[in-house]
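As C-alpha coordinates, the structure follows; a few thoughts come after it.
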Amino acid sequence: TLIKVTAFVAVMLIVGRRVIPLALELVARTGQRELFRLSVLAIALGVAFAAASIFGVSFALGAFFAGMVMAGSTLSAQATKDVLPFRDAFAVLFFVSVGMLFNPDILIEQPFSVLVTILIIMGVKSAAAYWIVRLFGRDRATALTIAAALAQIGEFSFILIVMGVNLDIVPPEARDLVVAGALVSIVLNPFVFKMLDRILP
(Lines give C-alpha, C1' and ligand atoms only; values in the text may rest on other atoms or scores of the structure.)
Protein backbone atom coordinates (compact mmCIF):
# COMPACT_ATOMS: atom_id res chain seq x y z
CA THR A 1 0.00 0.00 0.00
CA LEU A 2 2.82 2.38 0.91
CA ILE A 3 4.55 1.69 -2.43
CA LYS A 4 1.30 2.29 -4.35
CA VAL A 5 0.54 5.55 -2.53
CA THR A 6 4.16 6.73 -2.98
CA ALA A 7 4.01 5.88 -6.69
CA PHE A 8 0.73 7.80 -7.07
CA VAL A 9 2.11 10.88 -5.29
CA ALA A 10 5.30 10.73 -7.38
CA VAL A 11 3.33 10.46 -10.64
CA MET A 12 1.11 13.39 -9.64
CA LEU A 13 3.98 15.62 -8.53
CA ILE A 14 6.36 14.80 -11.38
CA VAL A 15 4.12 14.00 -14.38
CA GLY A 16 0.81 15.54 -13.33
CA ARG A 17 2.33 18.89 -12.43
CA ARG A 18 3.54 19.27 -16.02
CA VAL A 19 0.81 17.50 -18.01
CA ILE A 20 -2.34 18.82 -16.29
CA PRO A 21 -1.50 22.58 -16.52
CA LEU A 22 -0.37 22.07 -20.14
CA ALA A 23 -3.66 20.32 -20.98
CA LEU A 24 -5.65 23.16 -19.39
CA GLU A 25 -3.69 25.76 -21.37
CA LEU A 26 -4.28 23.91 -24.66
CA VAL A 27 -8.01 23.72 -23.97
CA ALA A 28 -8.12 27.40 -22.91
CA ARG A 29 -6.58 28.42 -26.25
CA THR A 30 -9.61 27.04 -28.07
CA GLY A 31 -11.70 29.80 -26.46
CA GLN A 32 -14.52 27.36 -25.66
CA ARG A 33 -15.63 27.98 -22.05
CA GLU A 34 -17.85 24.90 -21.95
CA LEU A 35 -14.95 22.72 -23.14
CA PHE A 36 -12.67 24.23 -20.50
CA ARG A 37 -15.23 23.59 -17.76
CA LEU A 38 -15.71 20.02 -18.97
CA SER A 39 -11.92 19.50 -19.07
CA VAL A 40 -11.52 20.64 -15.46
CA LEU A 41 -14.19 18.18 -14.30
CA ALA A 42 -12.85 15.39 -16.52
CA ILE A 43 -9.31 15.84 -15.18
CA ALA A 44 -10.45 15.90 -11.54
CA LEU A 45 -12.71 12.85 -11.88
CA GLY A 46 -10.29 11.05 -14.23
CA VAL A 47 -7.35 11.41 -11.83
CA ALA A 48 -9.57 10.31 -8.93
CA PHE A 49 -10.76 7.24 -10.87
CA ALA A 50 -7.22 6.36 -11.99
CA ALA A 51 -5.97 6.74 -8.41
CA ALA A 52 -8.64 4.32 -7.18
CA SER A 53 -8.41 1.74 -9.97
CA ILE A 54 -4.65 1.71 -10.73
CA PHE A 55 -2.96 2.72 -7.48
CA GLY A 56 -5.59 1.56 -4.98
CA VAL A 57 -5.76 5.07 -3.48
CA SER A 58 -9.12 6.40 -2.30
CA PHE A 59 -11.25 8.33 -4.79
CA ALA A 60 -11.26 11.33 -2.43
CA LEU A 61 -7.47 11.44 -2.15
CA GLY A 62 -7.14 11.21 -5.94
CA ALA A 63 -9.54 14.14 -6.41
CA PHE A 64 -7.65 16.09 -3.74
CA PHE A 65 -4.33 15.64 -5.57
CA ALA A 66 -5.92 16.54 -8.91
CA GLY A 67 -7.20 19.78 -7.39
CA MET A 68 -3.82 20.48 -5.82
CA VAL A 69 -2.02 20.06 -9.14
CA MET A 70 -4.62 22.19 -10.98
CA ALA A 71 -4.15 24.90 -8.34
CA GLY A 72 -0.55 25.22 -9.52
CA SER A 73 -1.69 26.16 -13.02
CA THR A 74 -1.87 29.78 -14.19
CA LEU A 75 -5.50 29.07 -15.08
CA SER A 76 -6.46 27.90 -11.57
CA ALA A 77 -8.52 31.04 -10.86
CA GLN A 78 -10.54 30.54 -14.05
CA ALA A 79 -10.97 26.82 -13.28
CA THR A 80 -12.19 27.62 -9.76
CA LYS A 81 -14.64 30.20 -11.07
CA ASP A 82 -16.04 27.82 -13.70
CA VAL A 83 -16.59 24.89 -11.33
CA LEU A 84 -17.89 26.94 -8.39
CA PRO A 85 -21.57 26.00 -9.01
CA PHE A 86 -20.61 22.32 -9.15
CA ARG A 87 -18.58 22.66 -5.95
CA ASP A 88 -21.53 24.19 -4.13
CA ALA A 89 -23.87 21.45 -5.33
CA PHE A 90 -21.45 18.69 -4.32
CA ALA A 91 -20.86 20.38 -0.94
CA VAL A 92 -24.59 20.30 -0.24
CA LEU A 93 -24.78 16.62 -1.21
CA PHE A 94 -21.72 15.86 0.91
CA PHE A 95 -23.07 17.49 4.06
CA VAL A 96 -26.50 15.92 3.56
CA SER A 97 -24.84 12.50 3.34
CA VAL A 98 -22.79 13.27 6.47
CA GLY A 99 -25.97 14.33 8.26
CA MET A 100 -27.46 10.95 7.34
CA LEU A 101 -24.49 9.26 9.04
CA PHE A 102 -25.38 10.97 12.33
CA ASN A 103 -26.91 8.58 14.85
CA PRO A 104 -28.90 10.63 17.44
CA ASP A 105 -29.12 7.58 19.74
CA ILE A 106 -25.42 8.02 20.54
CA LEU A 107 -26.28 11.20 22.49
CA ILE A 108 -28.59 9.19 24.77
CA GLU A 109 -26.67 5.91 24.93
CA GLN A 110 -23.14 7.31 25.33
CA PRO A 111 -23.34 10.96 26.44
CA PHE A 112 -20.04 10.77 28.35
CA SER A 113 -18.17 9.39 25.32
CA VAL A 114 -19.64 12.14 23.11
CA LEU A 115 -18.61 14.77 25.67
CA VAL A 116 -15.06 13.39 25.83
CA THR A 117 -14.89 13.38 22.00
CA ILE A 118 -16.00 17.03 21.90
CA LEU A 119 -13.46 17.97 24.61
CA ILE A 120 -10.67 16.29 22.63
CA ILE A 121 -11.68 18.07 19.41
CA MET A 122 -12.27 21.50 20.94
CA GLY A 123 -9.95 21.39 23.95
CA VAL A 124 -6.93 19.17 23.39
CA LYS A 125 -6.60 19.96 19.68
CA SER A 126 -6.94 23.71 20.25
CA ALA A 127 -4.48 23.68 23.16
CA ALA A 128 -1.94 21.77 21.06
CA ALA A 129 -2.39 24.26 18.19
CA TYR A 130 -2.01 27.22 20.60
CA TRP A 131 1.27 25.97 22.09
CA ILE A 132 2.73 24.93 18.73
CA VAL A 133 2.09 28.44 17.35
CA ARG A 134 3.59 29.98 20.51
CA LEU A 135 6.68 27.74 20.19
CA PHE A 136 7.18 29.17 16.69
CA GLY A 137 7.45 32.61 18.30
CA ARG A 138 4.07 34.03 17.27
CA ASP A 139 2.12 36.37 19.52
CA ARG A 140 -0.77 35.36 21.79
CA ALA A 141 -3.46 36.84 19.50
CA THR A 142 -2.29 34.81 16.49
CA ALA A 143 -2.04 31.64 18.58
CA LEU A 144 -5.55 32.11 20.00
CA THR A 145 -7.00 32.78 16.54
CA ILE A 146 -5.46 29.62 15.09
CA ALA A 147 -6.53 27.61 18.15
CA ALA A 148 -10.12 28.85 17.71
CA ALA A 149 -10.06 28.06 13.99
CA LEU A 150 -8.95 24.50 14.76
CA ALA A 151 -11.59 23.97 17.49
CA GLN A 152 -13.51 21.75 15.08
CA ILE A 153 -12.80 18.95 12.65
CA GLY A 154 -13.45 19.30 8.96
CA GLU A 155 -14.96 17.19 6.25
CA PHE A 156 -11.84 15.09 5.64
CA SER A 157 -12.34 13.49 9.07
CA PHE A 158 -15.68 12.07 7.87
CA ILE A 159 -13.96 10.44 4.90
CA LEU A 160 -11.25 8.97 7.14
CA ILE A 161 -13.65 7.57 9.75
CA VAL A 162 -15.94 6.00 7.12
CA MET A 163 -12.89 4.39 5.48
CA GLY A 164 -11.76 3.19 8.92
CA VAL A 165 -15.13 1.51 9.53
CA ASN A 166 -15.21 -0.02 6.03
CA LEU A 167 -11.71 -1.47 6.54
CA ASP A 168 -12.64 -2.80 10.03
CA ILE A 169 -9.95 -0.64 11.65
CA VAL A 170 -12.43 1.03 14.01
CA PRO A 171 -15.90 -0.08 15.20
CA PRO A 172 -19.07 1.65 13.90
CA GLU A 173 -19.48 3.27 17.35
CA ALA A 174 -16.30 5.27 16.67
CA ARG A 175 -17.87 6.66 13.50
CA ASP A 176 -20.96 7.71 15.46
CA LEU A 177 -18.78 9.46 18.06
CA VAL A 178 -16.66 11.27 15.46
CA VAL A 179 -19.70 12.42 13.46
CA ALA A 180 -21.49 13.62 16.62
CA GLY A 181 -18.35 15.36 17.88
CA ALA A 182 -17.72 16.97 14.50
CA LEU A 183 -21.28 18.28 14.15
CA VAL A 184 -21.32 19.70 17.70
CA SER A 185 -17.87 21.29 17.29
CA ILE A 186 -18.90 22.90 13.97
CA VAL A 187 -22.04 24.33 15.62
CA LEU A 188 -20.08 25.65 18.63
CA ASN A 189 -17.17 27.09 16.63
CA PRO A 190 -18.82 30.49 15.88
CA PHE A 191 -19.40 30.94 19.63
CA VAL A 192 -15.70 30.24 20.24
CA PHE A 193 -14.86 33.09 17.85
CA LYS A 194 -17.34 35.39 19.63
CA MET A 195 -15.59 34.62 22.94
CA LEU A 196 -12.27 35.28 21.24
CA ASP A 197 -13.48 38.71 20.08
CA ARG A 198 -14.21 39.59 23.72
CA ILE A 199 -10.84 38.33 24.95
CA LEU A 200 -8.65 39.93 22.30
CA PRO A 201 -8.38 43.74 22.04
Relative contact order in percent for the chain (Cα pairs under 8 Å, 6+ apart) equals 18
Could you derive backbone 3J(HN,Hα) for segment 65-80 from the dihedral phi with the Karplus parameters 6.51, -1.76 and 1.60 (θ = phi - 60°), listing whole Hz in sequence and x where the residue is Gly or Pro? 5, 4, x, 5, 5, 5, 5, x, 7, 5, 9, 4, 5, 5, 5, 4
With every protein chain present, what is the per residue accessible area of the chain (1.4 Å probe, Å²)? 63
Lysines near Lys194 by alpha-carbon distance under 27 Å, same-chain residues fewer than 8 away left out - which ones? Lys125
Out of Thr117, Thr145, Thr30, a Gaussian network model of the chain with alpha-carbon springs under 10 Å gives the largest mean-square fluctuation to Thr30
On the accessible surface of the chain, probed at 1.4 Å, how many percent belong to carbon and sulfur atoms? 73
Taking one equal scatterer on every alpha-carbon of segment 156-201, how large is log10 of I(q)/I(0) by Debye at q = 0.14, 0.15 1/Å? -0.46, -0.50
Whole-Hz Karplus ³J(HN,Hα) for segment 7-14, in order, using 6.51 cos²θ - 1.76 cosθ + 1.60 and θ = phi - 60°, x for Gly and Pro? 5, 5, 4, 4, 4, 5, 7, 8
Degrees separating the helix 155-166 axis from the principal Cα axis of the chain, which is the longest one: 90
Ordering 97-107, 146-156 by per-residue average of other C-beta atoms within 10 angstrom, highest first, gives 146-156, 97-107
How long are the semi-axes of the equivalent ellipsoid of segment 1-150, defined as square roots of 5 times the Cα gyration tensor eigenvalues? Whole Å, largest first. 36, 22, 18
Give me the percent relative contact order of segment 126-201, please, defined on Cα pairs under 8 angstrom at least 6 residues apart. 33
Under 5 Å between amide H atoms, partner at least 5 residues away or on a different chain: which partners does Ile153 have, H built in plane at 1.01 Å? Ile186
Through the Karplus equation 6.51 cos²θ - 1.76 cosθ + 1.60, θ set to phi - 60°, convert the phi angles of segment 183-191 into ³J(HN,Hα) values in whole Hz; use x for Gly and Pro. 5, 5, 5, 5, 5, 7, 4, x, 5
Cα→Cβ-extended label distance, 7 Å offset, between Ala89 and Thr6, nm: 4.1
Name all residues of segment 105-127 having a backbone nitrogen under 15 Å from the label point set 7 Å from the Cα of Lys194 along its Cα→Cβ direction, giving them as ranges. none
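The values are calculated or read from the model by the stated rules, or taken from the named source; none is laboratory data. A quick note: this is a predicted structure, and the numbers were derived from the prediction, not measured. Note: ideal-geometry Cβ built from the backbone for every residue, glycine included; neighbour counts use all protein chains shown. Only protein heavy atoms, including side chains, enter the accessible area calculation; ligands, DNA and RNA are left aside. Shrake-Rupley method; radii C 1.70, N 1.55, O 1.52, S 1.80 Å.
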